[in-house]
1. Which numbered condition trips up residue 498, out of (1) assigned to a helix (DSSP H, G or I); (2) without any contact (Cβ under 8 Å) to a residue 40 or more places away in the chain?
2. Return the total of residues in the range 367-396 being of a type in the set (A, V, I, L, M, F, W, C) and near the ligand (Cβ under 10 Å from one of its atoms).
3. Do we find a residue being modelled with pLDDT under 90 and either in a helix (DSSP H, G or I) or among the hydroxyl-bearing types (Ser, Thr, Tyr) (or both) anywhere in the range 75-92?
4. Say whether the condition of being of a type in the set (D, E, K, R), within 16 Å of the ligand (Cβ to nearest atom) and assigned to a loop (DSSP other than H, G, I, E, B) is met by at least one residue in the range 409-424.
5. Go through the range 106-146 and give me each residue that's part of a helix (DSSP H, G or I) and of a type in the set (A, V, I, L, M).
6. Just to be sure before I move on: is residue 587 hydrophobic (A, V, I, L, M, F, W, C), over 42 Å from the mean Cα position of the chain (by Cα) and within 16 Å of the ligand (Cβ to nearest atom) in the structure I sent?
7. Among the candidates 597, 541, single out the residue that is touching a residue at least 24 places away in the same chain (Cβ under 8 Å) and within 16 Å of the ligand (Cβ to nearest atom).
8. Checking the conditions here, which among 336, 364 is modelled with pLDDT of 85 or more, aromatic (Phe, Trp, Tyr) and within 16 Å of the ligand (Cβ to nearest atom)?
Amino acid sequence: MTTEERQAPPAQRWATTSLIRYAFTVAPAAATVTAAMAVVAGAAPVGITIAIGELIDGLTPAIGGGLDTPAARECYAWVALIVVLFFVTHLAESARTSLGRAVGRRVTGRLGERVMMAASQPATIGHLEDSAYLSRIGRARGAGTIDMPPGEAVFGYSTRASLWVSSIGFAALLTQVSWWMGPVVLVVFVVIHLRLVRNYRTAVIESVNQTKKLRRTSYLRDVPTTPDAAREVRLFGLTAFFRDAYQAQWRPNMVEVWQRRREHRLFVVVVVLVTGTTVASIFYYLGHRAATGSTTVGDLAMGGLAIRGLLQVLRADDDDLRMGFGSKAATEALSFPAVTTTTDPEREPWETPAATISCEDLHFRYGGAQDDVLHGIDLVVPAGQSLAIVGLNGAGKTTLTRLIAGLDSPGGGTVRVGQSPIDDSNRRRWQRQVVGVFQDFGRYELTVRENIAFGSLVDADDEDGLRAVAHQAGLSGFIERLPHGWDTVMSSAFTNGVEASGGEWQRIAIARALFGLRHGAQLLIMDEPAASLDPRAEAQLYDTFHELTAGATTIAISHRFATVRKAERVVVLDEGRIIEDGTHDDLMAAGGRYAELFRLQAKRFEEVAS
Ligand SMILES: Nc1ncnc2c1ncn2[C@@H]1O[C@H](COP(=O)(O)OP(=O)(O)OP(=O)(O)O)[C@@H](O)[C@H]1O
């Protein structure tokens with residue numbers, strides 16, 4: 001993914017046509033019926049207005065003639081038509097509303113999927129750490145001052161379509177009263193309406209363009225209610241900090257939006273004056289014509305009702321907000337490529353089942369950073385070796401494993417597996433050969449079974465395998481005690497769900513990786529895999545390590561030297577360079593950085609023990 005694709009600025013175009021076309025594509029039947037209902041719901045009130053006019057004109061000859069005269073019967077017919085049209089209006093309007101919303105939901109769902117698939121398309125992960133790209137995703141989901149996803153626009157269009165049908169009908173009725181009146185009123189009202197809508201849309205663009213800032217603002221607002229942060233927020237007394245930071249950011253972000261709203265209110269006053277004058281003049285004109293006998297009372301009533309109906313054209317309200325925000329979100333969502341097929345390949349044997357991994361002159365820099373994190377790493381890891389990477393915080397250990405796993409592509413140099421350099425043509429296939437227990441491993445709010453089976457999802461029905469890896473990771477007792485065993489959801493936020501401790505989560509992550517190894521993965525990466533384990537569990541993990549990893553290549557990052565010394569080979573990383581490489585004994589004998597750090601840690605233990 002290029003930087004331009006990641007950081008595409010907010011869409012300036014409105015997706016009206018493409019969004020409507022999209023709605024007809026994803027829900028053809030419902031969209032067609034919604035459109036038909038919008039036309040009926042818009043046309044029926046015009047019919048009612050005509051019927052009322054005719055009824056009033058028919059009443060004069062009918063009055064005093066009794067209930068069973070032709071004139072009275074004609075009045076009954078008009079009344080019946082009015083009643084029927086009332087029902088038709090309400091039925092069509094209800095159908096339009098519920099179907100329009102359903103189509104909108106479908107559009108929102110499908111566009112949400114489109115964004116998810118597009119964001120998951122690159123095999124590398126750097127774009128998901130890019131704030132510009134995250135803002136694009138936020139905009140495509142309709143996140144703004146208020147959440148207004150794309151489907152809301154579809155519903156707004158159906159409401160507006162109905163309104164346009166009735167407006168054109170009412171204008172046609174006015175033309176019957178006087179030829180110039182319909183076009184003139186329609187044009188004046190439409191011009192005012194479009195201006196009102198433009199104001200709305202400007203406000204929308206401004207607030208959507210604020211997404212990046214608003215994402216930050218929302219973050220500040222949400223932290224105190226996030227379970228992960230709840231303890232620290234209380235213990236450190238941070239509620240007021242987050243409230244103040246939220247307000248301090250929110251107000252300046254909203255200043256322009258508020259200014260726009262003030263201008264808009266002023267414009268609304270002008271609108272009221274112009275329309276009031278127009279409507280008053282027309283009523284005076286109609287009244288004058290009726291009084292001088294050049295038009296009937298029925299036409300007068302019809303004209304009045306038509307004007308009243310036309311006044312609705314002026315409305316610029318929630319529907320415009322829906323169309324504005326929603327279509328903006330849709331424009332953004334539609335700018336993501338449509339990826340329909342999942343690109344996750346099944347695990348299949350690599351060219352050579354157990355291949356040497358070679359890093360050749362690797363350089364890497366994170367997007368937006370000034371300096372490289374890795375400076376020319378050369379490292380050959382033979383198949384089946386257990387390697388430990390050691391180094392101070394920020395030395396580049398995690399970054400190196402990200403490159404080896406194919407999660408990032410290097411700025412310079414190559415990662416080779418066997419004979420094949422890892423590039424975009426084979427990246428996903430290689431990734432399926434790698435399993436990991438990362439520092440920020442996934443804590444999926446799904447069942448414990450799913451959490452572990454993710455290690456090799458196609459083998460999820462391997463009950464024996466699941467039980468075996470759970471046992472190896474020391475989870476058997478934990479799972480037995482769960483209220484729904486393997487089907488317990490790992491989050492108390494859900495009914496019958498439970499919360500696991502940090503160590504239990506880590507064991508789940510280990511079991512997941514072991515399940516992947518069991519089903520053919522050839523590289524295990526572990527970044528501080530025992531950080532949350534109790535000493536007994538950690539000892540057990542490493543004592544049985546070779547048996548558990550079944551000959552796979554393993555790369556472990558750890559600050560615990562008791563763990564590190566068990567590896568066949570150790571490399572020491574310092575500021576993005578390998579400075580030492582050998583067995584524990586070699587490096588101790590060399591008396592370099594490794595020996596220094598090892599002795600420092602051993603001394604601490606001795607001090608504590610004595
Ligand atoms: N996603 C990222 N975006 C930008 N910079 C990053 C990112 N991840 C890490 N860095 C930077 O890259 C450098 C190396 O980080 P890395 O996580 O590889 O170090 P490490 O040796 O694993 O550290 P630790 O022992 O603390 O886990 C650090 O200076 C860090 O700030």
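The values are calculated or read from the model by the stated rules, or taken from the named source; none is laboratory data. Please read these numbers as outputs of a predicted model, since none were measured by experiment. Backbone-built Cβ (ideal geometry, glycine too); neighbour counts: all protein chains shown.
1. Against the list (1) assigned to a helix (DSSP H, G or I); (2) without any contact (Cβ under 8 Å) to a residue 40 or more places away in the chain, residue 498 comes up short only on (1).
2. We begin by selecting, within the range 367-396, every residue of a type in the set (A, V, I, L, M, F, W, C); these are 369, 373-374, 377, 379-381, 383, 387-390, 392, 395.
Adding the requirement that they be near the ligand (Cβ under 10 Å from one of its atoms) leaves 369, 373-374, 389-390, 392, 395.
So the count comes out to 7.
3. Residues of the range 75-92 that are modelled with pLDDT under 90, as a first pass: 75.
Applying the additional criterion that residues be either in a helix (DSSP H, G or I) or among the hydroxyl-bearing types (Ser, Thr, Tyr) (or both) yields 75.
There is at least one residue in the range 75-92 that is modelled with pLDDT under 90 and either in a helix (DSSP H, G or I) or among the hydroxyl-bearing types (Ser, Thr, Tyr) (or both).
4. No, because not a single residue in the range 409-424 is of a type in the set (D, E, K, R), within 16 Å of the ligand (Cβ to nearest atom) and assigned to a loop (DSSP other than H, G, I, E, B).
5. If the condition is that a residue be part of a helix (DSSP H, G or I) and of a type in the set (A, V, I, L, M), then 107, 111, 115, 116, 117, 118, 119, 128, 132, 134, 137, 140 are the ones that fit.
6. So residue 587 does not fit the description; no.
7. Sole residue among the options that is touching a residue at least 24 places away in the same chain (Cβ under 8 Å) and within 16 Å of the ligand (Cβ to nearest atom): 597.
8. Details: 336 fails: within 16 Å of the ligand (Cβ to nearest atom).
Only one candidate passes the filter, namely 364.
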